[in-house]
Amino acid sequence: MRDTWVEVDLDAVAANVARLREWAGSELMAVVKADAYGHGAVPVARTALEAGAGWLGVATAAEALSLRAAGIGAPILVLGLVPDGELADLRAAAVAVTAAGVRSLGPKSPGPPLRVHVKVDTGMGRIGVLPERAAALVEAVAGRADLSWEGIFTHFAAADTDPEFTALQTHRFEAVVADLRARGLSCPWVHARNSAAILSGQGTGNLARAGIALYGLDPGGAPGRAQKLRPALAWKCRVAQARWVPAGTSVSYGRTFVADRPVRLLTLPVGYADGYRREWGGRAHVLVRGRRVPVVGRVTMDQTMAAAPAGFEVEAGEEVVLLGRQGDQTVDARELAALSGTIHYEIVTGIRHRVERVYRS
Ligand SMILES: *Cc1c(COP(=O)(O)O)cnc(C)c1O
């Protein structure tokens with residue numbers, strides 16, 4: 001194995017599932033798209049199901065089929081729209097798809113019915129049918145023998161920041177569901193909530209879709225509950241080379257860092273091709289021997305340098321935490337996200353597959 005790796009604590013995932021189910025007070029869908037936000041879809045999916053999640057959510061047909069190929073038989077919903085050409089495989093694998101219009105469900109076909117969840121766009125402005133057209137779509141789906149209508153859902157645009165808009169979306173969605181019931185159309189699954197809505201007690205339905213909180217990361221909007229989540233991921237490496245360099249030594253491409261005194265230069269075997277982002281050069285910190293040590297100079301494709309202060313005789317081979325905890329120090333995904341002007345979702349999903357995932361439980 002390379003000297004950089006990601007450790008995923010599956011016990012933390014299981015504990016988060018238990019919390020989320022309790023807060024949601026409903027069935028839980030573990031959203032494991034994008035390789036479980038970089039944590040590894042198959043191990044996370046298995047753990048979440050064992051811990052009580054009843055559904056898995058993915059973004060693409062390929063993600064759903066790879067869970068099936070790993071022997072996972074639980075209900076799966078593809079949250080994105082899939083091209084016609086991928087529907088036959090999903091039908092055969094009993095994977096549910098999202099419908100935003102009848103045309104997105106392909107031509108009629110024989111065999112077992114395709115499982116369908118109708119997506120209503122109540123204010124996300126991404127995919128879905130507008131509320132006023134939802135009943136017509138549901139009637140069209142429910143009326144086709146080759147389709148099995150089993151859910152209706154919507155997605156919140158700002159559950160972390162805007163309770164008023166979330167309440168409006170909830171109201172629009174509930175009106176659609178009530179209208180369907182009045183027409184004699186009711187379905188097993190009604191879902192709206194994402195992580196932020198679950199933590200803050202917003203939204204509605206008998207199923208809730210948790211992504212970021214499953215991994216122990218704060219979705220925003222409910223700091224008290226977020227503190228009870230357990231981050232599951234740590235990214236580590238070992239020092240590849242450690243040496244004293246004299247004052248005046250410049251470090252890395254472009255010579256953006258020049259030592260103003262002797263420093264213990266630590267070369268770390270990780271770079272932007274691993275997802276350790278280039279903009280962290282000169283800005284991020286790593287943890288060594290329980291202390292925060294600055295990253296100096298530019299992050300390169302495969303290697304990054306950090307500078308330990310005098311009196312701090314770090315040696316090659318010592319363990320470094322790039323993201324996670326060491327002793328009482330933490331570098332969390334939010335801190336790194338802030339350095340990149342982005343959100344922690346992008347940091348964990350951005351750790352490349354070149355970095356091996358190892359699992360602890
Ligand atoms: C990604 C996604 C989620 C999960 O969102 P989190 O904020 O990570 O909980 C839920 N629903 C849909 C439709 C999504 O695309």
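The values are calculated or read from the model by the stated rules, or taken from the named source; none is laboratory data. Quick caveat: nothing in here was measured; it's all calculated off a predicted structure. Note: ideal-geometry Cβ built from the backbone for every residue, glycine included; neighbour counts use all protein chains shown. The protein model used for the area step is the full one, side chains on, heavy atoms only, and it has no ligands, DNA or RNA in it. Shrake-Rupley method; radii C 1.70, N 1.55, O 1.52, S 1.80 Å.
For region 97-169, the extents of the C-alpha atoms along the principal axes are 45, 20, 16 Å, listed from largest to smallest. The distance from the alpha carbon centre of region 130-145 to that of region 176-254 is 32 Å, rounded to a whole number. In the chain, the DSSP-assigned H stretches of four residues or longer account for a calculated mean residue ellipticity at 222 nm of -8000 deg cm²/dmol, using -39500 (n - 2.57) per stretch and the full residue count as denominator. Based on Cα atoms of region 136-243, Rg over Rh with Rh as the Kirkwood radius reads 1.20. By the rule of a C-alpha distance below 27 Å, with chain neighbours fewer than 8 residues away ignored, the lysines paired with K33 are K119, K228, K236.
Considering only Cα atoms, the convex hull volume of region 1-160 works out to 140 Å³ per residue.
Applying the criteria of a DSSP loop state and at most 16 other Cβ atoms within 10 Å to the trypsin sites (Lys or Arg not before Pro) of region 245-312 yields R283, R289. What's log10 of I(q)/I(0) for region 186-263 at q = 0.13, 0.16 Å⁻¹, Debye sum over Cα points only, no solvent? Values returned for q = 0.13, 0.16 Å⁻¹ are -0.62, -0.70. Solvent exposure of the chain, expressed per residue, is 42 Å² of accessible area, with all protein chains present and a 1.4 angstrom probe.
To two decimal places, what compactness ratio does region 1-81 give when its Cα radius of gyration is scaled by 2.2 N^0.38 Å? Kindly include the intermediate steps, with their values, before the conclusion.
Values: Rg = 12.8 Å, N = 81, 2.2 N^0.38 = 11.7 Å.
Normalised by 2.2 N^0.38 Å, the Cα Rg of region 1-81 equals 1.10.
Structural descriptor for the chain: relative contact order 17 percent, calculated from alpha carbon pairs under 8 angstrom and at least 6 residues apart.
Report in % the part of the accessible area of the chain that belongs to carbon and sulfur, leaving out ligands and nucleic acids; probe 1.4 Å. Working shown, then result.
Working: 7640 of 15020 Å².
Result for the chain: 51 percent of the exposed heavy-atom area is carbon or sulfur.
Cα-based radius of gyration for the chain, normalised by 2.2 N^0.38 Å, reads 1.14. Normalised by 2.2 N^0.38 Å, where N is the number of residues, the alpha-carbon radius of gyration of region 77-120 equals 1.00.
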